[in-house]
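What follows is a single structure, written as structure tokens, with notes after it.
Here, each number is a calculation from the coordinates, and none is a lab measurement. Remember, predicted model here, so these are calculated numbers, not experimental data. Because the Cβ atoms are built from the backbone with ideal geometry, glycine has one as well, and the counts that use them run over all protein chains shown.
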Amino acid sequence: MKITTIGLDLAKNVFQVHGVDDRGKTVLTRQLRRQQMPSFFAKLEPCLIGMEACSGAHFWARVLRSFGHEVKLMAPQFVKPYVKANKTDAADAEAISEAVTRPNMRFVPVKTVDQQAVLSLHRARSGFVKARTALVNQIRGLLSEYGVVLAPGIRQVRAGVPSIVEDAELDLPPMFRQLLSQLYQYLCQLDDQVQSIEQPLKNWHRSSVDSQRLEQVPGIGWLTATALVASIGDATSFKNGRQLAAWLGLVPRQHSSGGKPRLLGISKRGDAYLRTLIIHGARAAIRVVDRDRSPTGQWVREVSKRRPKNVVVVARANKQARIVWALLAHQRDYDALHTPVRQAA
């Protein structure tokens, strides 16, 4: 029988394959070692292959597409309901083969090598920034034990620690002064690491038309723009701007029953890093909203009169996500005075 659909459960070394024919009958159940994967799928006739969007999924999607197969990635939480009984590799592969054929299934776009490289830089930078923040808090905490209180902020620590180490009037043990000097040197090293990662991101931003297009939107800088372009890829994979906002976790959760709709807080689904960047950008844009004479600025001011500040920030972030989709999907530049077709009608 001809295999039409394959569910592939990914792992580090052992992969589970579950193949079905056009009638949905199981015709293949097999385990493959990592080195067997390319040769097995190269000999197989082109078919639909479903995988969970997990570690290594985008790499294998590109490899299998090179053999002529149609590859679709799905979020693991959407595959879980199709798992029968106990969780095993064979049951997971069978569930994937079932889920990938559902007409209402949501799929994850396959990322290119360049997209993954840009996102790797973002992840590394985020790790260094978190380590730097933790180090600054540690330095302030240690100094407070000796009665030395520094104002919050990295700039205050950078400017204050060298003078504290050299201040002979402070009753600080020599051992602690040496430790403080070492921590300050480590802080400078983290600053250098962050700057060295930001430079290739800025270079990529200057070479990307889409990234520069998004930078025109108030509240979106080069850092958020590069992260959005690398993560979204083809914006037309989303039907509209609301789907992109939902993908970023910026829409309300629902708990409705018996015909009684009930909206809760934002869902917080998707990438927390992207959502953090776009919300911080929205907060920065709201700080100068009094000088914004665009329709968006007027809308934010009206919402601010009746809703709490944090709610307004999330609402502004949701609108930014919809604007991002419109710019990327239609390949147009940002126009602050643009009026939507429906609103004009």
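Here are some notes:
- Estimated dipole of region 113-207 in Debye, rounded to 20 [Cβ of Lys and Arg +1, of Asp and Glu -1, Cα centre]: 520 debye
- Amide N proximity, region 6-42 versus R62 label position 7 Å along Cα-to-Cβ, cut-off under 20 Å: 10-13, 34-42
- Three-way shape call for region 5-99 based on the alpha-carbon gyration tensor, with the a/c threshold at 1.5: rounded
- Relative contact order (%) - region 222-284, alpha-carbon pairs under 8 angstrom, separation at least six: 30 percent
- Distance between the pseudo-spin-label points of E198 and V288 (7 Å out from Cα toward the beta carbon): 1.8 nm.
- Paramagnetic label zone (point 7 Å from Cα along Cα-to-C-beta, A85; backbone N under 20 Å) in region 9-35: 9, 16-20, 25-31
- Value of [θ]222 nm, deg cm²/dmol, for the chain, DSSP H segments ≥ 4, -39500 (n - 2.57) each, nearest 500: -17500 deg cm²/dmol
- Under a 5 Å amide H cut-off, with hydrogens placed 1.01 Å from N, V108 pairs with L73, M74, A75 among residues at least 5 apart or on other chains.
- Applied to region 77-85, the Karplus parametrisation 6.51 cos²θ - 1.76 cosθ + 1.60 on θ = phi - 60° returns per-residue 3J(HN,Hα) values of 5, 7, 8, 3, x, 8, 7, 9, 6 Hz, with x for Gly and Pro.
- Dipole moment magnitude, nearest 20 debye, region 196-267 about Cα centre, only Lys, Arg, Asp, Glu C-beta charged: 400 debye
- Modelled FRET efficiency - R0 51 Å, V113 with D22, Cβ distances, 0.05 increments: 0.90
- With eigenvalues of the C-alpha gyration tensor scaled by 5 and rooted, region 230-345, Å: 22, 20, 16
- Long-range HN-HN contacts of I49 with modeled amide H, under 5 Å: I6, E70, V71, K72
- Nitroxide proxy distance, nm - points 7 Å out along Cα→Cβ at D333 and L263: 3.5 nm
- Two-site FRET efficiency, Q216 against H255, from Cβ-Cβ distance with R₀ of 45 Å, rounded to 0.05: 0.75
- Ranking A159, Y146, G281 by how far each Cα lies toward the positive end of the dipole of the chain (charges on Cβ) leaves G281 at the top.
- Once C-alpha pairs closer than 8 Å and six or more residues apart are averaged by separation and normalised to the residue number of region 1-157, the relative contact order reads 19 percent.
- Gap separating the Cα centres of region 144-201 and region 285-345, nearest whole Å: 41 Å
- Structure-derived log10 I(q)/I(0) by the Debye sum over Cα atoms at q = 0.11, 0.14 Å⁻¹: which label, when the choices are (1) -0.94, -1.18; (2) -0.81, -1.20; (3) -0.78, -1.06: (1)
- Sequentially through region 238-245, phi angles give Karplus couplings (6.51, -1.76, 1.60; θ = phi - 60°) of 9, 5, 7, x, 5, 5, 5, 4 Hz, Gly and Pro residues having no value and appearing as x.
- Remark on R253: its backbone amide H falls under 5 Å from those of L264, G265, I266, S267, a criterion applied only to residues 5 or more positions apart or on other chains, H modelled at 1.01 Å from N.
- Under 13 Å, Cβ to Cβ, from T226 - net charge with Lys/Arg +1 and Asp/Glu -1: +1
- Look at the alpha carbon pairs under 8 Å that are at least 6 residues apart: their mean separation over the length of the chain gives a relative contact order of 11 percent.
- Hz values of 3J(HN,Hα) by residue in region 221-234 - Karplus curve (6.51, -1.76, 1.60), Gly and Pro given as x: x, 5, 5, 5, 5, 5, 5, 5, 5, 5, 7, 6, x, 8
- Using only side-chain charges placed at the Cβ, +1 for Lys and Arg and -1 for Asp and Glu, the dipole size of the chain relative to its Cα centre rounds to 1400 debye.
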